[in-house]
Amino acid sequence: MTKDNAGEQNNDRYVVKVQETPSGELFIELPQELIDQLGWEVGDEVKWEEPEVCEDWGERKGLILSNKSKLFRDDDKARKKAASIDTE
């Protein structure tokens with residue numbers, strides 16, 4: 001894993017290697033700093049997508065990770081906050 005840091009948190013860039021289990025499943029190991037920054041937790045359900053990315057010089061495979069558990073937690077917090085605002 002390598003990390004490029006341009007000095008601003010939003011410009012952090014992490015590069016990780018896609019690995020493969022003996023049974024052929026793909027996985028990556030995310031740096032703890034990134035996990036903390038994203039607010040992800042052990043046991044979260046993460047969706048793995050491999051879309052085609054179109055660049056000026058051609059197409060390549062991309063990788064999108066979506067944390068379904070965190071989306072649910074964030075939605076739940078927003079609903080609770082909205083409910084507390086409505087009752088005040």
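A short reminder: the numbers here are calculations on the coordinates, not readings from a lab. Here the structure is a predicted model, which is why all the values come from computation and not from measurement. Neighbour counts run over all protein chains shown; Cβ positions are idealised from the backbone, glycine included.
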> Roughly how many nanometres apart are two label points built 7 Å out from the Cα toward the Cβ at residue 72 and residue 19?
Replying inline: 2.7
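What is the sum of charges, Lys and Arg at +1 and Asp and Glu at -1, for the other residues whose Cβ falls under 9 Å from the Cβ of residue 63? Spell out each step's value before the answer.
Details: positive: 61; negative: 49, 50.
Result for the neighbourhood of residue 63: -1.
Based on the Cβ-Cβ distance of residue 60 and residue 28, what FRET efficiency does E = 1/(1 + (r/R0)^6) give at R0 = 30 Å, to the nearest 0.05?
Working: r = 17 Å, r/R0 = 0.56.
Taking R0 as 30 Å, the efficiency between residue 60 and residue 28 is 0.95.
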